[in-house]
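Structure, as structure tokens:
The values are calculated or read from the model by the stated rules, or taken from the named source; none is laboratory data. Remember, it's a predicted structure, so these values are computed and weren't measured experimentally. All Cβ positions, even for glycine, are placed from backbone atoms using ideal geometry, and neighbour counts span all protein chains on display. Areas reflect the complete protein model, heavy atoms only, side chains present, ligands, DNA and RNA absent. Shrake-Rupley method; radii C 1.70, N 1.55, O 1.52, S 1.80 Å.
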Amino acid sequence: MTETTAPPPAVPVGAARRPRGAAARTGPNRPLLGTVGIVGFLVLWEAVPRLGLVSDRYLPPASRVLASLGQRATTPQFWTAVGDTLTGWALGLAIALVAAVVLGFTLGSLPRVRAFTTSTVDFLRPIPSVALIPLAVLMYGTDIRSTLLLVVYACFWLIYIQVLYGVADLDPVAEQTARSYGLGRLARIRHVLWPTTLPYLMTGVRLAAAVALILSITAQLIIGSPGIGREIAVAQSSGAVASVYALIVATGALGVVINIGVRALERRVLRWHTSVRGEATA
Amino acid sequence: MLKVTGLQKIYNGGANAVEAVRDLTFELGEGELVCLVGPSGCGKTTLLKCIAGLMPPTSGTVELAGQAVTAPPPDMAVVFQEYGRSLFAWMSVRDNVELPLKEKKVPKGRRAELVAESLEAVGLTRFADSYPWQLSGGMQQRVAIARAVAYEPQVLLMDEPFAAVDAQTRADLEDLIRQLWKRLGVTVLFVTHDIDEAVYLGERVLVLSSSPTVVQDDITVDLPVERDQLTTRRDERFTELRARVYAQIQQAKNGTGAAAPAAAH
């Protein structure tokens, strides 16, 4: 659960010296502490309902919740729900990413058009995606497109704003170097502008990945489109409290897995960037 | 080879217009190594950008081998002062050097040769797979020089390339430039604010006046071709030339410079 899955430092063979901060950091054993923390939490969770501090009708002990989760995990229905949730997440994120990159690069390089659209963007951006739920239901019912509408709307702005900042961060010296070596417009976008924007873009993607999961589950929970969210609603209405908790734990686990995945991706594509350079040697 | 005629650059037309360069005319012969010195803020960088085709002059022309320069010419390479920003942090040393060659559509085999040769020439063969940020400042500027050399330019423009490196590295890099210049027969325009550097490196030194800029003096450096950090700098003639450039710069600063360039050669 901790970030010990970091790849080995990205120092190429032949590098004379390792970058600053290369000295191995001595300190407490992080994975061990993390495990101890989780175990402690589970023990507490087990004890509170068993000691009668909270009625186990509202908070079943950890063992029962985990048993319920284990039992659910053997059913294909559970995995279909996980698949549906992840599909809504991935598809929504992907659509938002492509749209934000295309629009961000286009508008970012056209200062006039950008100035023209800023006020509209500032108006649309703060609208919470959940406010669109009635609209989504009207348009698409309980179809996956309802989920996608919410996910795409929320994620698009997160990534789009980052891309605009990234494009604006283009270093004039790098740009002039590229021009003086005869790099054409497309080559400059690919070799200079894109890598410059990438750290910003990755921040946007990291934020959007978490938000996309939240909205994907929200849509399923409220609209009833297929996925873990709907399973939670069903478990709740049938009074299966342990199941409700089990599914909540499953969404949490999904969030952790997504976060680890995005961090790993970030480390990989930004191994040259200051933010990762330092981290990678820690 | 490189001909600058009546070059003028005014930033931001209108009431708050700034005339960075007034009227510059000079010429570089093929294979010459010319240093351009001037007081700080005299528009050296502006001039260089106009010559490199990165910025259109307000009036006047730049010609490279008889062709007017309106965009970055294919046989010119520029080495910038800010090596850290000029090199691409997301590419290895090899990829940095190779990228312009790819864009120039140099065949793959020849590209590998050029990259290897140029890295060899600057003594960085071992670091081809490193990233620029893993190297020291002096080494990074060597990478930038290797990139320029691999591009096989006829004219090499250098904009205060050693202003941000330490004194010892600087001396090494100066010798490297002399050595590359002799070996490749390339025409070099080297912009600096350092008088010693200008005299040590150049075959000719152009002194610019303070802004708005004109060429104040054109001095031929009649030192031997083989130069050495110790003996050359102790040479009596070196001291004389240095004193002359220094005096000209002082004049330029005080704005009492001669309007017409002295014809010293």
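Quick look at the numbers
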| read-out | value |
| --- | --- |
| B:A163 within 11 Å of chain A (Cβ to nearest Cβ) and either more than 22 Å from B:G202 (Cα to Cα) or within 21 Å of the chain's Cα centre (by Cα) (or both) | no |
| Candidates B:R85, B:R110, B:R147 - the one that is free of Cβ contacts under 8 Å to residues at least 12 places away in the same chain, in a helix (DSSP H, G or I) and within 13 Å of another protein chain (Cβ to nearest Cβ) | B:R85 |
| Unmet criterion (only one of (1) under 20 Å from A:V98 (Cα atoms); (2) open to solvent by 10 Å² or more (accessible area, probe 1.4 Å)) for A:L254 | (1) |
| Top-ranked residue in region B:209-238 [being in a loop (DSSP other than H, G, I, E, B) and within 30 Å of B:T58 (Cβ to Cβ); ranked as modelled with the highest pLDDT] | B:S209 |
| Unique match (being over 30 Å from A:R268 (Cα atoms), of a type in the set (A, V, I, L, M) and out of contact with any Asp or Glu (no Cβ under 9 Å at 6 or more places or on another chain)) among B:V69, B:V62 | B:V62 |
| Options B:E117, B:E113, B:E152: the member that is of a type outside the set (F, W, Y), over 14 Å from the mean Cα position of the chain (by Cα) and at positive phi | B:E152 |
| Residue match in region A:144-157 (condition: open to solvent by 20 Å² or more (accessible area, probe 1.4 Å) and assigned to a loop (DSSP other than H, G, I, E, B)) | no |
| The listed residue being closer than 26 Å to B:Q250 by Cα and not aromatic (F, W, Y), out of B:L54, B:L48, B:L2, B:L64 | B:L48 |
| Count of residues meeting criterion [part of a helix (DSSP H, G or I), closer than 22 Å to B:A171 by Cβ and among the aliphatic types (A, V, I, L, M)] in region B:116-135 | 2 |
| Residue in region B:166-177 that is touching a strand residue (DSSP E or B) at 6+ places or on another chain (Cβ under 9 Å), in the same structural domain as B:D235 (by TED's automatic domain parsing) and either under 24 Å from B:E63 (Cα atoms) or surrounded by 19 or more Cβ atoms within 10 Å (Cβ to Cβ) (or both) present | yes |
| Options B:L189, B:L206, B:L241; residue that is at pLDDT 90 or above, surrounded by 20 or more Cβ atoms within 10 Å (Cβ to Cβ) and either of a type in the set (S, T, N, Q) or in a helix (DSSP H, G or I) (or both) | B:L241 |
| Set B:R183, B:R147: member being basic (K, R), closer than 24 Å to B:L99 by Cα and open to solvent by less than 20 Å² (accessible area, probe 1.4 Å) | B:R147 |
| Selection count, region B:58-78, where residues are more than 9 Å from chain A (Cβ to nearest Cβ) and either touching a residue at least 60 places away in the same chain (Cβ under 8 Å) or assigned to a loop (DSSP other than H, G, I, E, B) (or both) | 9 |
| Yes/no for A:Y160 being surrounded by fewer than 18 Cβ atoms within 10 Å (Cβ to Cβ) and either modelled with pLDDT of 95 or more or not charged (D, E, K, R) (or both) | no |
| Failed condition for B:L99, given (1) within 14 Å of chain A (Cβ to nearest Cβ); (2) modelled with pLDDT under 95 | (2) |
| Search result, residues across region B:38-57 that are within 11 Å of chain A (Cβ to nearest Cβ), closer than 13 Å to B:V78 by Cα and either open to solvent by 10 Å² or more (accessible area, probe 1.4 Å) or part of a helix (DSSP H, G or I) (or both) | B:T45, B:L48, B:K49, B:I51, B:L54 |
| Residue in region A:159-176 that is touching a residue at least 40 places away in the same chain (Cβ under 8 Å), part of a helix (DSSP H, G or I) and of a type in the set (F, W, Y) present | yes |
| Qualifying residue in region A:162-180 (condition: of a type in the set (S, T, Y) and closer than 21 Å to B:K49 by Cβ) | yes |
| Restricting region A:58-115 to residues that are of a type in the set (D, E, K, R) and over 30 Å from A:I161 (Cβ atoms), the residue that is most open to solvent (accessible area, probe 1.4 Å) | A:R64 |
| Some residue of region A:154-166 being under 16 Å from the mean Cα position of the chain (by Cα) and among the small types (G, A, S) | yes |
| Which listed residue, of A:R185, A:R145, is over 25 Å from A:S109 (Cβ atoms) and modelled with pLDDT under 95 | A:R145 |
| Answer residue from region B:6-23, given it is among the small types (G, A, S) and under 18 Å from B:V62 (Cβ atoms) and is surrounded by the fewest Cβ atoms within 10 Å (Cβ to Cβ) among those | B:G6 |
| Boolean, A:W194 is without any contact (Cβ under 8 Å) to a residue 60 or more places away in the chain, over 30 Å from A:T80 (Cβ atoms) and more than 10 Å from every other protein chain (Cβ to nearest Cβ) | no |
| Lone qualifier among A:R230, A:R179, A:R267, A:R206 - being open to solvent by less than 60 Å² (accessible area, probe 1.4 Å) and among the charged types (D, E, K, R) | A:R267 |
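Yes/no matrix, rows are residues, columns are (1) away from chain B (no Cβ under 14 Å); (2) polar (S, T, N, Q):
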{"site": "A:F123", "(1), (2)": "yes, no"}
{"site": "A:L132", "(1), (2)": "yes, no"}
{"site": "A:I144", "(1), (2)": "yes, no"}
{"site": "A:Y153", "(1), (2)": "yes, no"}
{"site": "A:S180", "(1), (2)": "no, yes"}
{"site": "A:P199", "(1), (2)": "no, no"}
{"site": "A:M202", "(1), (2)": "no, no"}
{"site": "A:L213", "(1), (2)": "yes, no"}
{"site": "A:A219", "(1), (2)": "yes, no"}
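Here's the yes/no breakdown for (1) touching a Phe, Trp or Tyr at 6+ places or on another chain (Cβ under 6 Å); (2) part of a helix (DSSP H, G or I):
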site	(1), (2)
A:P226	no, no
A:E231	no, yes
A:L254	no, yes
A:N259	no, yes
A:L265	no, yes
A:W272	yes, no
A:R277	no, yes
